[in-house]
Amino acid sequence: MTTTDLARRVRTRIRDRGTLRDRVRALEAEVQENRQLNRRIAELTDVVAELLIPLDARDQARVDEVLDRFRTGL
């Protein structure tokens with residue numbers, strides 16, 4: 001292997017590492033977005049569960065509190 005070939009391989013590896021770093025950053029951002037979406041789904045599930053309780057068995061103040069918290073989060 002010549003010095004030129006070796007230098008070319010080193011440059012390629014360095015370039016690939018930069019690309020990998022960019023890909024990892026993008027994946028980390030997507031993971032964070034996914035976490036936020038999952039949390040939002042959990043909050044929505046809590047609101048739906050609270051609202052599905054029969055009218056005579058639920059605490060209206062608690063329902064209003066849950067709905068207010070949900071609306072604030074939108």
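Rg and Dmax over the alpha-carbon atoms of the chain stand at 25.7, 84 Å. Computed over the chain, the per-residue total of -39500 (n - 2.57) for DSSP H runs of n ≥ 4 gives a 222 nm mean residue ellipticity of -31000 deg cm²/dmol, rounded to 500.
Taking label positions 7 Å along the Cα-Cβ direction at both GLN32 and ARG62, the computed distance is 3.6 nm, reported to one decimal.
Taking all protein chains into account, the per residue accessible area for the chain stands at 90 Å² (1.4 Å probe). Taking only protein heavy atoms and a 1.4 Å probe, the accessible area of the chain is 55% carbon and sulfur.
The values are calculated or read from the model by the stated rules, or taken from the named source; none is laboratory data. Here the structure is a predicted model, which is why all the values come from computation and not from measurement. All Cβ positions, glycine included, derive from the backbone under ideal geometry; neighbour counts span all protein chains shown. Ligands, DNA and RNA are excluded from the accessible area calculation, which covers all protein heavy atoms including side chains. Shrake-Rupley method; radii C 1.70, N 1.55, O 1.52, S 1.80 Å.
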